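A short write-up of the structure that comes next.
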Amino acid sequence: MDLTKPKTNDLAVEVHPGKGDFLIAVGDSIPITLGVIPFGITCGIMGITAGMSPVEIILMSVLVFAGASQFIGITMIGAGVSGWGIIVFTTLLVNLRHLLMGMSLAPYMLKLPLPFQAVLAFILTDESYALTASRTQTDKYSGCYQLGASLPLYIVWILSTVLGVFLGSHIADPLSWGLDFAMPAAFLVLLAPMLVNRSSLIVCLTAAVAAVLGAMYLPGKWYIIISCLVAVLAGGLLEGGKDNGQ
Amino acid sequence: MDNKILFIILSMALVTYLTRVGSLALFRFTGIPVWLNRWLKHVPIAILTALIVPALLLPKGSLDLSLQNPYLPAGIIAAAVAYKTRHIIPTLGLGMLVMLGWRLI
């Protein structure tokens, strides 16, 4: 397969006729995007508490755009961790899971124009990956859908960080609102239609057990990487005997 | 602005982008190995499950299977509604209702 030619059509990929896909994705992303607001506000509040300037905190949300690693980075800056290497290395470890998501979407994304790939990669998150992967399985991949699933989250992440920075002291713990339930609820809706056969159920159960054990005993976000690898291995080995064509 | 903090932010941005673009950059040059496709198709289910289950069973970072954990009943109801309706509005609505109600009891 020659991946340097973006015009090949052996996978259903639409690049331009996707205005509809963009808007559908924006609609699909609303619940998840709402669920992110309390985290963005918390990020702003944490930054102020850590002694960072408003510009620094907002710049971090604009450039890094990765919730968990920002929380960790801000906490370390606040605690006066002097070695920047530790902060940057921790950020790298926390975000390694993006490699798996990139791998999963690569067969489709590599057919898009290079600048479009670069932009979509910059705003790739757990949430936009979940929406895009689900759409790819139930319908087909579309770059415009991925853009529509990613962009609202990026904008709202920045705006809610700004809100936390400037209103932080007036807002009572935003994480207690219960809005953080929006993320697992939306993911459940995406997951349910994927559980169609025995191997998908086994992958799901394996990932569930491994993720709980990993979250109990491993630091940071390693539980996502480890449980994904274990579950994918289980699913692949299970099917290894019967199909070679997939 | 503190130069050192600015440097940290720029470095964090750089390594984060590397994780996001890394697989694309690699496969752009090597092509996607055929054997990998068989494994990759399971990734969406695995990642979704890994994001959902700890969020419900370890909402505060440690395993909480007690009645004090409102995410548990809310998650069970939401899973059932998601399976039946496959739609976010009833799933999120009923789930949050259960969670808020659970906190009042």
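Counting beta carbons within 10 Å around each of B:Thr91, B:Thr30 and listing the fewest first gives the order B:Thr30, B:Thr91.
For chain B, the square roots of the Cα gyration tensor eigenvalues, ordered a ≥ b ≥ c, give a/c of at least 1.5 with a/b no greater than b/c, which places it in the oblate category. Relative to the longest principal axis of the Cα atoms of chain A, helix A:143-167 runs at roughly 10 degrees. Using a Förster radius of 30 Å, what is the FRET efficiency between A:Leu159 and B:Asn37 based on their Cβ-Cβ separation? Nearest 0.05, please. The pair A:Leu159/B:Asn37 has a calculated efficiency of 0.20.
Summed over all non-identical Cα pairs, the Kirkwood treatment of chain A gives a radius of 19.6 Å.
Alpha-carbon geometry of the range B:1-40: the Rg and the Dmax are 16.0, 50 Å, given in that order. For the pair B:Phe29 and A:Val55, a Förster radius of 45 Å applied to the C-beta separation gives a FRET efficiency near 0.75, rounded to the nearest 0.05. Modelled spin labels at A:Leu205 and B:Phe7, positioned 7 Å past Cα toward Cβ, are 5.3 nm from each other.
Every number here is computed from the coordinates shown, using simple stated rules; none is lab data. All values derive from a computational prediction rather than experimental measurement. Ideal geometry is used to build each Cβ from the backbone, glycine not excepted, and the neighbour counts take in all protein chains shown.
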